[in-house]
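The values are calculated or read from the model by the stated rules, or taken from the named source; none is laboratory data. All of these numbers come straight from a predicted model, not from anything done at the bench. When we count neighbours, we look across all protein chains shown, and the Cβ atoms used for this are built from the backbone with ideal geometry, even at glycine. SASA here: full protein model, heavy atoms, side chains in, ligands and nucleic acids out. Shrake-Rupley method; radii C 1.70, N 1.55, O 1.52, S 1.80 Å.
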Amino acid sequence: MNPIFKSMFLVAGLSLAATLPYQGLATDAKNKPVADGNYTVKFSLYTNAASANPVWTESQSTTSTKGLFSTSLGLVNTIPDSLFNGTALYLGVAFNGGSEGGRALVGTNPWSTQSGRSGTSRHADSAGKVAGMTDSVAALRSALNKISSALSALDSVGKAHWADSARVALHLTGPDSISLRAARDSIRVLNRAVYNQNNALSGLIALMFPEIAWKSNIAYGSIVDARDGQVYRTVTIGSQTWLAQNLSFAGTPDAIVGSCPGNTRENCAKYGRTYTFPQAFNLSDSCMTKACAALISTKHQGACPVGWHLPDTTEWRSLSTTLDPATNAKFMIGEISTTAGGKLKALAGWTTPGTDEVGFRALPAGGYGGAPGRDGMWWVALEPSSGYGYRMQVDNTNSLLRYNVMKEEGAPLPVRCLKN
């Protein structure tokens, strides 16, 4: 039975490097989601709804989970800036060799159109300049900020209730077992609600707050995290393949993890999420105060997608050496390289922007006392027996540094994942 593409929706406007985030749903002839697996999807843009000849097209391999799939248009073939000249465009999607399931109007002017060559915005505030939409955009942003605050509070409730659920699971025998199971199930329902609200809001936040510029001359790849459908760009640097973005995984329906830098959803959309030591390494909360070095394995997956892991000191040093052959040989605590940091930093978002030489796109998400917008930090897959962790850091100099982290202080840090 051939799959049928049933519905689709665009998540955000065109962003730098001409990509268009996209999500779709594919079902079979009985209106059931197609089986989980890999499928080929062909995307085409047309200048009118009935045109036989697309002005742009590409095919991608994507992973469907319960019929849902997420990707970004323009990852294979760059979408020319010239297409967005005020003329309406229509998107056709052919799923797994089938016919296009109708065409959707993309619009005449995406909210975040930027030049992929100059690295500067073609419209200083494109969201505010979409004809006739200034007031509604401002109102929606205000509403999203209120929703964001409410969901941040709900996140905390979900985390606390999940901890209660874990404790309840230890006592499911005896005369109170039925009521305890009911309490546990109620907690899981709440956590799923929080998880679903987080996923629903993330697309809206990304829509209203255009992301920081991408380097236009980098050959990015992409992956889809099967756990939540999140699409990440990837970049190969030397012999390593890294996520070109900070991790944004918010947990599973039964376990809310991570937080937004500065506790705002706008920062989550911009920088990714931050994680405590146990969350980043997918270990027990007890590892916040006790030594857990023996539980950290080689290529430790932690919170990363399947097939990816938290980079260790040797792997961070290899990245630094690729950019700066003079990287400190002993990789001591403190300054590792005086130049590598500037080559890793994104083109914008910093007081002193970097050159983003290899497409790593390091962002100043803050953490461990640093406010968003100032420092970039990431967990290192290493813990000495004394029970503290390590972080890599780029600040407003061009240096790359490694410092220790006192875990009991609870400082959440971003995660960058490395391919196995």
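For the range 288-420, the share of accessible area belonging to carbon and sulfur comes to 53 percent (1.4 Å probe, ligands and nucleic acids excluded). Spatial offset of the range 259-289 relative to the range 54-95 amounts to 32 Å, using the alpha carbon center of each. Sorting the segments 40-51, 64-75 by their mean number of nearby beta carbons within 10 angstrom, highest to lowest, gives 64-75, 40-51. Distance between the 7 Å Cα→Cβ label points at ALA104 and ARG227: 2.7 nm. Packing, taken as the mean count of other beta carbons within 10 Å per residue, orders the peptides 275-282, 286-293, 397-404, 317-324 from highest to lowest as 275-282, 317-324, 397-404, 286-293.
Modelled this way, with points 7 Å down the Cα-to-C-beta line, the labels at LEU295 and ASN217 are 4.6 nm from one another.
Distance between the modelled labels on ALA52 and THR40, one decimal in nanometres: 2.3 nm (7 Å Cα→Cβ projection). With protein chains left intact and a 1.4 Å probe, residues in the range 238-301 average 39 Å² of accessible area per residue.
Computed log10 I(q)/I(0) for the range 232-343 at 0.12 Å⁻¹: -0.53, from the Debye equation with unit scatterers placed on every C-alpha and solvent omitted. Highest-first packing order for the peptide set 343-352, 243-252 is 243-252, 343-352, based on the mean count of other beta carbon atoms within 10 Å.
For ILE218, the accessible surface of its heavy atoms amounts to roughly 40 Å² (probe 1.4 Å, protein chains only, rounded to the nearest 10). Extension gain, THR352 to ASN77, is 95.8 nm, computed as 0.36 nm per intervening residue step minus the present C-alpha separation.
Couplings 3J(HN,Hα) of the range 350-363, computed from phi: 9, 4, 10, x, x, 9, 6, 4, 10, x, 5, 6, 5, 10 Hz, in residue order, whole Hz [Karplus 6.51 cos²θ - 1.76 cosθ + 1.60, θ = phi - 60°; x for Gly and Pro].
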